[in-house]
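The values are calculated or read from the model by the stated rules, or taken from the named source; none is laboratory data. Not measured: the values here are computed from a predicted model. We place every Cβ from the backbone using ideal geometry, glycine too, and count neighbours over all the protein chains shown.
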């Protein structure tokens with residue numbers, strides 16, 4: 001039986017106040033992880049004396065595993081209990097993270113802090129994604145995801161840039177992480193007092209759908225998103241490989257740049273450039289996928305990423321490395337909002353949050369795979385070999401999308 005929903009409309013213009021607020025909240029989510037992009041791998045070597053690349057990248061593996069599982073929980077809990085409680089829970093878990101990093105006496109504390117950061121990112125970022133999809137309805141999903149991811153990754157960039165410059169001016173800690181305390185407090189306060197739940201928008205879109213609104217079991221959603229639906233399978237594996245190379249970029253690139261003789265300021269600039277291009281370009285790529293379709297942007301984006309990773313190995317100059325970082329950011333921007341929009345195309349509103357959670361489980365599981373694979377390869381063969389192998393996997397993933405994925409935009 002259809003339920004009547006009054007006083008609620010779908011659309012970006014109709015919900016611009018709440019949408020904008022969620023964009024701001026997601027910017028604080030991104031800033032929390034951006035603080036670590038330039039500083040933490042250097043901190044592992046300089047202050048904790050870690051020599052093994054696999055040991056250094058352990059913080060990314062634990063972050064990725066925690067985030068992947070939190071993504072899965074966020075989708076399921078969001079469908080069952082509402083979006084806002086999950087968002088608030090994510091911020092509460094994130095509050096101690098900067099303090100733990102600042103005061104950590106051993107590397108194990110850093111690893112534990114990144115477990116909490118992963119839970120924070122999984123619950124809070126996933127929920128802002130789901131809520132924005134709820135608000136805009138079916139017509140502007142690509143644009144909505146572009147705006148969401150742009151805010152998050154521009155904040156990652158600015159926080160990485162700020163932490164790099166603060167570390168160069170003072171020390172690697174605690175000064176860069178004072179910002180994290182402000183980010184976490186702002187996120188909690190906005191989520192508690194200003195964000196409104198979007199369950200009414202979900203009911204409205206469900207009523208407008210011609211499909212049966214009964215939700216399938218969570219196991220069925222897991223199987224559909226992971227394997228049984230060709231488009232969702234292609235999207236999930238592409239998300240995994242995308243974050244596999246992002247995990248490698250996070251953990252190995254600062255060490256690679258340091259080995260090439262770059263300064264902390266230059267490393268911080270490169271660490272910031274990649275998410276900056278990634279964030280800005282999504283303002284266009286998400287909307288472009290609403291016009292051209294999802295599949296072309298995903299395939300091209302994975303191959304641009306692979307080309308940029310290969311190009312990095314051809315030289316050592318700062319401007320060449322900056323070019324490769326810009327291309328890597330552009331390729332990622334083509335993929336990131338488009339994959340989320342494709343999930344929204346295929347999944348029914350009644351089980352969409354669960355499907356987004358399953359996709360983000362696989363996507364952020366890429367951090368775990370990337371950290372372990374990159375760390376082991378770097379220890380056995382060297383950093384350059386690790387970078388090259390992961391670039392090859394990125395190219396192959398684009399081929400899987402080209403062969404397996406059907407176009408999802410026409411389903412709307």
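I'm trying to understand the selection: among the residues of region 285-336, which are over 25 Å from residue 385 (Cβ atoms), out of contact with any helix residue (DSSP H, G or I) (no Cβ under 7 Å at 6 or more places or on another chain) and at pLDDT below 95?
Result: 291, 292.
Is it the case that some residue within region 51-64 is at pLDDT below 90, within 18 Å of the chain's Cα centre (by Cα) and not in a helix (DSSP H, G or I)?
Checking region 51-64: at least one residue is at pLDDT below 90, within 18 Å of the chain's Cα centre (by Cα) and not in a helix (DSSP H, G or I).
Each row is one residue, and each column tells you yes or no for (1) out of contact with any helix residue (DSSP H, G or I) (no Cβ under 6 Å at 6 or more places or on another chain); (2) over 13 Å from residue 378 (Cβ atoms).
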{"position": "232", "(1), (2)": "no, yes"}
{"position": "236", "(1), (2)": "no, yes"}
{"position": "240", "(1), (2)": "no, yes"}
{"position": "248", "(1), (2)": "no, no"}
{"position": "252", "(1), (2)": "no, no"}
{"position": "256", "(1), (2)": "no, no"}
{"position": "259", "(1), (2)": "yes, no"}
{"position": "262", "(1), (2)": "yes, yes"}
{"position": "267", "(1), (2)": "no, yes"}
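Among the candidates 350, 402, which residue alone is more than 25 Å from residue 273 (Cβ to Cβ) and in a loop (DSSP other than H, G, I, E, B)?
After applying the criteria, what remains is 350.
Looking for whichever is farther than 21 Å from residue 301 by Cα and touching a residue at least 24 places away in the same chain (Cβ under 8 Å) here; the options are 335, 368, 356, 346. Which one fits?
Sole residue among the options that is farther than 21 Å from residue 301 by Cα and touching a residue at least 24 places away in the same chain (Cβ under 8 Å): 368.
Could we say that residue 24 is at pLDDT 85 or above, under 30 Å from residue 371 (Cα atoms) and surrounded by fewer than 24 Cβ atoms within 10 Å (Cβ to Cβ) here?
It is true that residue 24 is at pLDDT 85 or above, under 30 Å from residue 371 (Cα atoms) and surrounded by fewer than 24 Cβ atoms within 10 Å (Cβ to Cβ).
Looking at (1) touching a helix residue (DSSP H, G or I) at 6+ places or on another chain (Cβ under 6 Å); (2) under 30 Å from residue 139 (Cβ atoms), which one does residue 9 not meet, given that it meets all the others?
The failed condition is (1).
Which residues, taken from region 343-362, are modelled with pLDDT of 90 or more and over 13 Å from residue 130 (Cα atoms)?
346, 362
Any residue in region 51-75 that's free of Cβ contacts under 8 Å to residues at least 24 places away in the same chain and on the phi < 0 side of the Ramachandran plot: show its pairings with residues that are surrounded by 24 or more Cβ atoms within 10 Å (Cβ to Cβ) and in a helix (DSSP H, G or I) at Cβ separation under 7 Å, as long as the two are six or more apart or on different chains.
none
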